[in-house]
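Read the structure below first, then the notes.
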Amino acid sequence: MVGKDSYPVYMILGLVVAVYCSHAFGMRPLSQDYHLVKPELVPWHHQTTPSAWYGFTLEFTDGLSISKWPSCWDFFIEMIVFLSGAVLLGRFQSKSGGRNITAIVSALGVSGVLVALGVIVESIGISQSVIPLNALLIMLGLLHLVGSICLLMPIQRIRVLTGISVICVVSHWVLVQFVIGGDVSSETSIADQTQSVESETIPQTVWDNNSGVTSKVSEFLKKAMPMSIRNSGLSSDFQNYNPINIVAYLGLLFAGMIGLQVLKGSRLTQTLLGFVGLTLFCICVSLALAYAGIPAVPGLASPTHTLMAAGFAFGLLAIATVLMHPVKLRLFFTPCVALGLCSALVYVLERVLGAAMRTEAAKHLEPILKPMFGEHWLKWEPIVFYNLIFCCFVSLAMYCYKRRIGFSL
């Protein structure tokens, strides 16, 4: 059962998942195969490819200018972690009358299921995506366990949660900057660091050395984890999302809990002011860190990138709070939860059945739809098939809602 205080959280969660799944469905493999020979697929190829290293990039030479804008793909995993923190706290508060041992067993069960799913997803070869699915599932499983154990302690006040969140973000920065950075060689590829043919050595920090940090953490994993687990799904797809990021993601998890506590404010004005203040604070600190020389690196969850993601998440919660405040609008936007759920279900089916599902749909629908698009059919084929299948799941969700067939999220 979803409490009314959690409606904005589930609304944003549903929309974030729906946007990601709708764009990632079928477009990634298609654009990857054909974007070199089909110019119309080039925008999709870049849209569905996360930043290999840097997120947003600022320049301060002639004032403040944005040389590279933030990409929604860079913030997806951070948004999911942030909103998972709010969902975790909401579920914990709704079951606060239970015993601690029950909560621990439940947390172990959920965490174990998520980690096992991540390992299975990797073992059957369906984790290659815009966001590695096994990395997300395994991280969510570990974060759920740690967050659930922490909630057994009296830490649910906003000030305490804020302090823990800041400590996690700072600890992650210290680990990467000094602990790992002290052992990582500063030698980087000349091709990635020079804009001319002449090779010049540019002073680099640990944030500029992707391969060095990854190899260092991989070396630690090889020593710390059993080979059977490593080879089943904990190593290959972490090249874009480093395992050390889990420290920063824990800070985002607690930031999501702060968001839920702000939602419980007695007045709408008080809640909105809280979200606006948190949004401006996170974004301003992120820009200040960028000015100080710490780049936004999604692959390492740098403080600059993490705080920008938290700022966007608080801003989205502010908008959702306004939209969900009137009772009639709340009923109107509630299906957004089903929207995300259906999107995730379609996405999982596509990742598991993949080519068979797309081929079967194309066999029956392509003769009807292709004449409508003409020569642009290749460009629109993936999103058309996604939306057709997605509409079937939305219809099923609406039927279940009308018949009062529900389940707990």
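The values are calculated or read from the model by the stated rules, or taken from the named source; none is laboratory data. If you're wondering where the values come from, they're calculated on a predicted model, not measured in any experiment. Because the Cβ atoms are built from the backbone with ideal geometry, glycine has one as well, and the counts that use them run over all protein chains shown.
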The one condition residue 173 fails out of (1) modelled with pLDDT under 85; (2) in a helix (DSSP H, G or I) is (1)
Residue 57 meets each of (1) touching a Pro at 6+ places or on another chain (Cβ under 8 Å); (2) polar (S, T, N, Q); (3) at pLDDT below 80 with one exception, condition (3)
For region 368-380, check the following and say yes or no: at least one residue is over 30 Å from residue 68 (Cα atoms) and at pLDDT below 70. no
